[in-house]
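Here the structure comes first, spelled out in structure tokens, and everything after it is commentary.
The values are calculated or read from the model by the stated rules, or taken from the named source; none is laboratory data. On a predicted model such as this, the values are computed, not experimentally measured, just so you know. Cβ coordinates were reconstructed from backbone atoms using ideal geometry, including for glycine residues, and neighbour counts include every protein chain displayed. Areas reflect the complete protein model, heavy atoms only, side chains present, ligands, DNA and RNA absent. Shrake-Rupley method; radii C 1.70, N 1.55, O 1.52, S 1.80 Å.
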Amino acid sequence: MTESTAFTTETFYKWLYPKRITTYQSVKWPKRVGVWTSRENPVLCQSGWHLATHNGVGKHARLGAELWIAEGRGRTAKEDDKVAFSQARLVGLVGMLDPQTAVRWSVDCAKRTLKHYENQYPEDKRPREALNAALAWVKNPTEKHGVAAANAAYAAANDAYAAYAYAAANDA
């Protein structure tokens, strides 16, 4: 654990359910934005005020939770995806993670790696079709679009697993 003394430009995040209840331990945060919490001894996953780093935003996301920009100060305990501070405060609300936002986020992440797959398998359009079907559901979240997205994702995943198993068997 180290004492924070230098100014940091790192942005921290906090996922909270409505009424500012934490998603893990069901602890209520201060009612007003900008109010520092009471001092706690920061021990990861035990005590202190835990904030997610950029690397941990996705790991700690929960449907129905609100994402807040937050600040921390004082003593810290750190990991790659989170930091426990002796004090923290909420700075501003980013928004709530609803199903459509979660799907858009997932599609965006998948598209970042899709080019690698398509370079290796240029004829296989199923992953792109699955992503497009998911985005169609986001634009119009009907049961029909949901079933189409699920079927496209299942087909792409099933065939990708089969290709991986075939390659692993050949390697063995």
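Contact map, segment 136-150: first residue over 18 Å from TRP105 (Cα atoms), second residue assigned to a helix (DSSP H, G or I), Cβ cut-off under 6 Å, separation 6 or more or different chains; pairs are ALA148/ALA133.
Taking segment 80-100 as the range and being open to solvent by 90 Å² or more (accessible area, probe 1.4 Å) and touching a helix residue (DSSP H, G or I) at 6+ places or on another chain (Cβ under 8 Å) as the test, only ASP80 passes. Could you grab me the full set of residues in segment 67-79 that are open to solvent by 30 Å² or more (accessible area, probe 1.4 Å) and assigned to a strand (DSSP E or B)? Scanning segment 67-79 gives ILE69, GLU71, ARG73, ARG75, LYS78.
Does ALA148 satisfy being small (Gly, Ala, Ser), open to solvent by 40 Å² or more (accessible area, probe 1.4 Å) and either on the phi < 0 side of the Ramachandran plot or modelled with pLDDT of 85 or more (or both)? Judged against the criteria, ALA148 is a match.
When ARG73, ARG32, ARG89 are checked against the criterion of being out of contact with any strand residue (DSSP E or B) (no Cβ under 8 Å at 6 or more places or on another chain) and farther than 26 Å from CYS109 by Cβ, a single residue qualifies: ARG32. Please indicate, with yes or no, whether at least one residue in segment 50-65 is assigned to a helix (DSSP H, G or I) and open to solvent by 90 Å² or more (accessible area, probe 1.4 Å). Yes, because at least one residue in segment 50-65 is assigned to a helix (DSSP H, G or I) and open to solvent by 90 Å² or more (accessible area, probe 1.4 Å). Scanning segment 110-123 for residues that are part of a helix (DSSP H, G or I) and surrounded by 11 or more Cβ atoms within 10 Å (Cβ to Cβ) gives ALA110, LYS111, LEU114, TYR117, GLU118. Does segment 37-47 include one or more residues that are more than 26 Å from THR101 (Cα to Cα), among the aliphatic types (A, V, I, L, M), out of contact with any helix residue (DSSP H, G or I) (no Cβ under 7 Å at 6 or more places or on another chain) and assigned to a strand (DSSP E or B)? Yes - at least one qualifying residue is present in segment 37-47.
Scanning segment 25-44 for residues that are without any contact (Cβ under 8 Å) to a residue 12 or more places away in the chain and not small (Gly, Ala, Ser) turns up GLN25, VAL27, LYS28, LYS31, ARG32.
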